[in-house]
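Data first, discussion second: the structure below is written as structure tokens.
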Amino acid sequence: MGKMIQIQPVTRIEGHSRVVVELDDGGNVSDARFHVFALRGFEMFCQGRPVEEMPRIVNRICGICPWNHHLASVKATDAVFGVTPPPAAVKLRRLAQHMAYIPDKLLHFYFLAAPDFVLGPDCDPSTRNVIGIAKANPELARKVVRMRQSAAMMLEEWLGKVIHPVAAVTGGFSRPLLEKEREKFLEGYKEQLEFAKFTIAFAREEVFPKYTEAVESLGVIKTGFIGTVTEDGTHDIYDGKLRLMKPDGSYDDFSYEQYTDHIGEHIEAWTYPKMPFAKKWASGEFSLDLDEPKGIYRSNALARINVCDKIGTPEAQKELDLFREKYGRPTQLTLLYHWARLIELVNNCETVIQLLEDPEITSREIRSDVQVKAGRGVGCVEAPRGTLIHDYTADENGLISSVNLIVGTTHNQAPINMSVKKAAQDLIHGGEYDQGVLNRIEMAIRAYDP
Amino acid sequence: MAVKVSSEWLNACSGCEISILNIGETILDLIPDKIELVHIPALVDSKYYGQLGDGTKLELPKATVGLISGGVRTEEHAEVVREMRDKVDILVALGTCATDGGIPAQANMWKNEDVLKKIFGDCPTHEPAGHPTEIVPPYTDSVLAVDEVAKVDIYIPGCPPHPDWIADALLALVEGKTEWALPERSVCDTCPVIREKKSAGGAAIKRPLENYTYDPDEPIEKMRCIMEQGYLCLGAVTRAGCAGKSGVPRCIQARQACRGCFGPIRRGAKPMVDMMGALSSIGQDAKSLVDRRALLNRFVGAHKNLRPLPQRGKK
């Protein structure tokens, strides 16, 4: 008779999940799964709501990335009503999008992921956390808390709500950026950029080199990748086309509306989220088999860094060059999600500064006329955890008749399952394991920052 | 001795936990000297089934204070609530999902079977399929607030609650207090906009398809009340506090209307009934409000405020 190990809750991630590892009579892994036990049902209860209310409802999908859902939603509402926001409103939305990424990246790297690397994966679980980090390095911890807080509060000062925002509205934006705010934020984000550069250098030189072996093996699987790029292939988190890359590096580019031609969803009986897959590959088949996966692709920072030809700001481009020199394109090493995230952090800070230096950013032309009508609209942005697809259909009264959502971590459900199984198989032999081993299995999940 | 705090999230988005972090540097003065976090899945590696995953019963550590964010959507959520109630002295419902159901309780307008059929049935990205049934915990009969499952001692509403209030409540508990509550005031009581109190003369309520009238260069005290501009704002029936201890209500700060995220002004009040009255009292045509049942109950769908409507024409 074999044995079952239950890791629940998976910790230092967002939300509720459980890992179940099954051992055979010889104590080796016969199966391992990542289960998610939550299903709120947004696609049901958005039905009947006025289209213009959607950006204020669906931001509740995620309290860590509410801005990204808010913005994907407002783009979908614009598409339903067939309205084009004024250029300044698009810039303000893009500014908010990049501003919102910054506290999230700092949170994930320092609060959630770093305890495994700085304190070590085998460290006593009661101290393997951000409080342990604060004890080990109080000065850095205080600085991190202050920088994350200040990044969040600039957004709050400007637009009231930083969590569950309200300022993006169909046809544009609810409030302009004032000159005095622009000046103040510019100072603040110059400091953020310096801290981002410090963080990536610290990670590149002092953290990752200690874990070369783990980076090269832990939860490594072979998959494709999805992300957003501009017409010329530049990394973009607010707007562009979707790029779905095969494991060999070849890719298809397509517009948001065409997502149903490329992405299907697979349903398993043992977890609530669906598993999106690339339906043009492998004759439309789906398989989590580690040796011969079918249709599996990944989202989130590593995916975006893999699919882009370049990144739009100079310091981030330097970091991308260093990264590619070392690991090539695309790289499949799961723990490199942490590194890719920090390349984006540098890009976020630089982009915010660029936008704040754009004279049009304080324009008062921020909302176009909106007429209620029936229609369908697909809005996408990149959330830190992956591509958000919001697909709305409305009736002639502008009330939602149908919603389909494929969101950040949902894209990663299948690959997380594969990485968990791979890590468990590699780490547990002959029934021998300890809490450090189980924590390493969780590290494979944390890389995805689900 | 530090006060032991245990924290869980249920049918939630983790926004409440981010709001805890938004307390900022003050939190470093509390943790670990005054507060010991014994269980908080977002930050600390404490497990239900032990560190080796070989336990058979869901267990939480003992603590003085238990924080729960999120409402109850599954039988497992209910089990977590009961287990925490057993292990803590003071149970705190954190955030509007925990206090009143929150946005996910909009699902209470449908039967569970209809929700599952919609999600796993007709969809542009897959063929209709059955819903998951293996290992996943089943739904409770409806989305519940925490106090529908176990006694709650302290309510900190908000979507999310403001960090000022979370810090204030935690500090009170650290000092040994056992009670804490937000003042019973409305968002309008703390809103600085101009109200002329003229009747709208039975006008229909406008949908927010254009920006409200205001001069961005003028302070918010010069903006006219959004209700008086002819749109819906739920400030009159919503508990104040979204801006923390001082400041302009947060949605108003963004020049947007309140949608009620702090829940009713008094526990048990019905925003739907009160708001219909408030609209009529200023001469607006309350019946003209589009999608009014869902809109006026947006954050308070638990406590049977929202339930499936009987299907017309069916027996």
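The values are calculated or read from the model by the stated rules, or taken from the named source; none is laboratory data. Remember, predicted model here, so these are calculated numbers, not experimental data. Don't worry about glycine lacking a Cβ; one is built from the backbone with ideal geometry, like all the others, and counts go over all protein chains shown. Each accessible area value is taken on the protein alone, full model and side chains, heavy atoms only, with ligands, DNA and RNA left out. Shrake-Rupley method; radii C 1.70, N 1.55, O 1.52, S 1.80 Å.
Restricting to the stretch A:353-409, name every residue that is more than 24 Å from the chain's Cα centre (by Cα) and among the charged types (D, E, K, R).
The answer is A:Glu357, A:Asp358, A:Glu360, A:Arg364, A:Glu365, A:Arg367, A:Asp369, A:Lys373, A:Arg376, A:Asp395, A:Glu396.
Of the residues that make up the stretch A:113-134, is at least one over 18 Å from A:Asp449 (Cβ atoms), at pLDDT below 95, part of a helix (DSSP H, G or I) and facing chain B (nearest Cβ under 8 Å)?
Yes - at least one qualifying residue is present in the stretch A:113-134.
Scanning the stretch A:283-319 for residues that are assigned to a helix (DSSP H, G or I) and more than 26 Å from A:Thr410 (Cα to Cα), which turns out least open to solvent (accessible area, probe 1.4 Å)?
Residue satisfying both the conditions and the ranking: A:Ala316.
Against the condition within 28 Å of A:Asn404 (Cβ to Cβ) and open to solvent by less than 20 Å² (accessible area, probe 1.4 Å), how does A:Gly63 come out, does it pass?
yes
Does any residue of the stretch A:393-405 turn out to be in a helix (DSSP H, G or I) and either under 27 Å from A:Gln371 (Cα atoms) or within 13 Å of chain B (Cβ to nearest Cβ) (or both)?
Within the stretch A:393-405, none of the residues are in a helix (DSSP H, G or I) and either under 27 Å from A:Gln371 (Cα atoms) or within 13 Å of chain B (Cβ to nearest Cβ) (or both).
Any idea how many residues of the stretch B:73-87 are buried (at least 24 other Cβ atoms within 10 Å of the Cβ) and away from chain A (no Cβ under 13 Å)?
Within the stretch B:73-87, residues that are buried (at least 24 other Cβ atoms within 10 Å of the Cβ) and away from chain A (no Cβ under 13 Å) number 1.
For (1) assigned to a helix (DSSP H, G or I); (2) surrounded by fewer than 23 Cβ atoms within 10 Å (Cβ to Cβ); (3) more than 8 Å from every other protein chain (Cβ to nearest Cβ); (4) touching a His at 6+ places or on another chain (Cβ under 6 Å), each residue gets a yes or a no:
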site: A:Gly48; (1), (2), (3), (4): no, yes, no, no
site: A:Met54; (1), (2), (3), (4): yes, no, yes, no
site: A:Ile57; (1), (2), (3), (4): yes, no, no, no
site: A:Leu92; (1), (2), (3), (4): yes, no, yes, no
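Being closer than 30 Å to A:Ile366 by Cβ, in contact with a strand residue (DSSP E or B) (Cβ under 9 Å, 6 or more places away or on another chain) and open to solvent by less than 20 Å² (accessible area, probe 1.4 Å) is the requirement here; does A:Gly160 meet it?
The answer is no for A:Gly160.
Provide a single number: the residues in the stretch B:119-148 that are under 20 Å from A:His411 (Cα atoms), open to solvent by less than 60 Å² (accessible area, probe 1.4 Å) and within 7 Å of another protein chain (Cβ to nearest Cβ).
Summing the residues that are under 20 Å from A:His411 (Cα atoms), open to solvent by less than 60 Å² (accessible area, probe 1.4 Å) and within 7 Å of another protein chain (Cβ to nearest Cβ) in the stretch B:119-148 gives 8.
Return the total of residues in the stretch A:163-185 being more than 7 Å from chain B (Cβ to nearest Cβ) and over 26 Å from A:Asp369 (Cα atoms).
Total satisfying the criteria: 6.
Select from the stretch A:1-17 the residues that are touching a His at 6+ places or on another chain (Cβ under 7 Å) and more than 8 Å from chain B (Cβ to nearest Cβ) and list them in ascending order.
Of everything in the stretch A:1-17, just one residue is touching a His at 6+ places or on another chain (Cβ under 7 Å) and more than 8 Å from chain B (Cβ to nearest Cβ), namely A:Ser17.
Has the stretch A:253-266 got at least one residue that is away from chain B (no Cβ under 14 Å), open to solvent by less than 10 Å² (accessible area, probe 1.4 Å), modelled with pLDDT of 95 or more and closer than 23 Å to A:Tyr448 by Cβ?
No.
So for the stretch A:23-30 (the condition being among the hydroxyl-bearing types (Ser, Thr, Tyr), in a strand (DSSP E or B) and modelled with pLDDT of 95 or more), does at least one residue qualify?
yes
Please return the ranges of helices (runs of 4 or more DSSP H) entirely within the stretch B:206-313 where 2 or more residues are more than 10 Å from chain A (Cβ to nearest Cβ), open to solvent by 10 Å² or more (accessible area, probe 1.4 Å) and farther than 19 Å from A:Lys161 by Cα.
In the stretch B:206-313, the matching helices (runs of 4 or more DSSP H) lie at B:271-281.
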